[in-house]
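Student: Below are the structure tokens for one structure; questions will follow.
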């Protein structure tokens, strides 16, 4: 049943995703550099221009994205030739039932492609944030794999799990709207965690 719901959701949302991907691709000014924020809805909903007003941020977040989706839409980001890339991905993969090892394999490919295409860019792989407690062990396992992948691809690893953990493995209620997406306080906390890297 879960697979059917996911398939129907993707069919309904497919046109929206296509439009968002096309919009990002069409808005890229080749070679303009700056900082690319790549990820899912948590990235997508971030007002990076307000969070980092002195930085030239570009939002490449798209709601609902999983690691495999990112692999299909790297061309616009590569054309941008960003100076820095920040990646946050994996929570939707986990919710869809994808195993941490498979997510890590996708992210390994993602980092490899970015490193080959953008050898001078500073890559930053962020650990998956906590969400409902039932995901905590899988997120910790995935983040440990991310740490190793970041090292292998000469990327910085930014562990966001302890930044947002309420102490029980769940997303701190002061930072969230729904135990997944961030509120204003959550984005401020995320900004503070990234400030040294931006």
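The values are calculated or read from the model by the stated rules, or taken from the named source; none is laboratory data. Computed from a prediction, not measured in an experiment: that's the story for all the values here. Glycine gets a Cβ as well: all are built from the backbone with ideal geometry, and neighbour counts include every protein chain shown.
Student: Just to verify a result, which residue in segment 93-122, among those that are surrounded by 22 or more Cβ atoms within 10 Å (Cβ to Cβ) and touching a strand residue (DSSP E or B) at 6+ places or on another chain (Cβ under 8 Å), is farthest from residue 173 (Cα to Cα)?
Tutor: Residue satisfying both the conditions and the ranking: 114.
Student: Next question, about the same structure. Can you list residue pairs whose Cβ atoms sit under 8 Å apart, with the first residue in segment 104-121 being on the phi > 0 side of the Ramachandran plot and in contact (Cβ under 8 Å) with a residue 40 or more places away in the chain and the second being surrounded by 16 or more Cβ atoms within 10 Å (Cβ to Cβ) and part of a helix (DSSP H, G or I)? Count only pairs 6 or more apart in sequence or on different chains.
Tutor: If the second residue must be surrounded by 16 or more Cβ atoms within 10 Å (Cβ to Cβ) and part of a helix (DSSP H, G or I), no pairs are left.
Student: Let me ask something else about it. Would you mention how many residues in segment 65-101 are without any contact (Cβ under 8 Å) to a residue 60 or more places away in the chain, closer than 22 Å to residue 138 by Cβ and in a helix (DSSP H, G or I)?
Tutor: 11
Student: May I pose another question? Could you check how many residues of segment 78-92 are surrounded by fewer than 22 Cβ atoms within 10 Å (Cβ to Cβ) and in contact with a helix residue (DSSP H, G or I) (Cβ under 7 Å, 6 or more places away or on another chain)?
Tutor: Residues in segment 78-92 being surrounded by fewer than 22 Cβ atoms within 10 Å (Cβ to Cβ) and in contact with a helix residue (DSSP H, G or I) (Cβ under 7 Å, 6 or more places away or on another chain): 1 in total.
Rundown of residues vs (1) surrounded by 16 or more Cβ atoms within 10 Å (Cβ to Cβ); (2) in a helix (DSSP H, G or I); (3) in contact with a strand residue (DSSP E or B) (Cβ under 9 Å, 6 or more places away or on another chain); (4) modelled with pLDDT of 95 or more, yes/no style:
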residue: 137; (1), (2), (3), (4): no, yes, no, yes
residue: 140; (1), (2), (3), (4): yes, yes, no, yes
residue: 145; (1), (2), (3), (4): yes, yes, no, yes
residue: 150; (1), (2), (3), (4): yes, yes, yes, yes
residue: 162; (1), (2), (3), (4): no, yes, no, yes
residue: 167; (1), (2), (3), (4): no, no, no, yes
residue: 174; (1), (2), (3), (4): no, yes, no, yes
residue: 187; (1), (2), (3), (4): yes, yes, no, yes
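Student: Here's something else I'd like to know. Tell me which residues, restricted to segment 123-132, are closer than 13 Å to residue 86 by Cβ and touching a residue at least 40 places away in the same chain (Cβ under 8 Å).
Tutor: Answer for segment 123-132, where residues must be closer than 13 Å to residue 86 by Cβ and touching a residue at least 40 places away in the same chain (Cβ under 8 Å): 124, 126.
Student: Somewhere in segment 57-64, is a residue more than 17 Å from residue 193 (Cβ to Cβ), modelled with pLDDT of 95 or more and assigned to a loop (DSSP other than H, G, I, E, B)?
Tutor: For segment 57-64, residues more than 17 Å from residue 193 (Cβ to Cβ), modelled with pLDDT of 95 or more and assigned to a loop (DSSP other than H, G, I, E, B): absent.
Student: Which ones in segment 151-188 are under 16 Å from the mean Cα position of the chain (by Cα) and closer than 23 Å to residue 50 by Cα?
Tutor: Residues satisfying the conditions are 158, 159, 160, 163, 164, 180, 181, 182, 186, 187.
Student: Separate question: Looking at residue 154 and the list (1) in a loop (DSSP other than H, G, I, E, B); (2) in contact (Cβ under 8 Å) with a residue 24 or more places away in the chain; (3) under 20 Å from residue 40 (Cα atoms), which single condition is not satisfied?
Tutor: The failed condition is (3).
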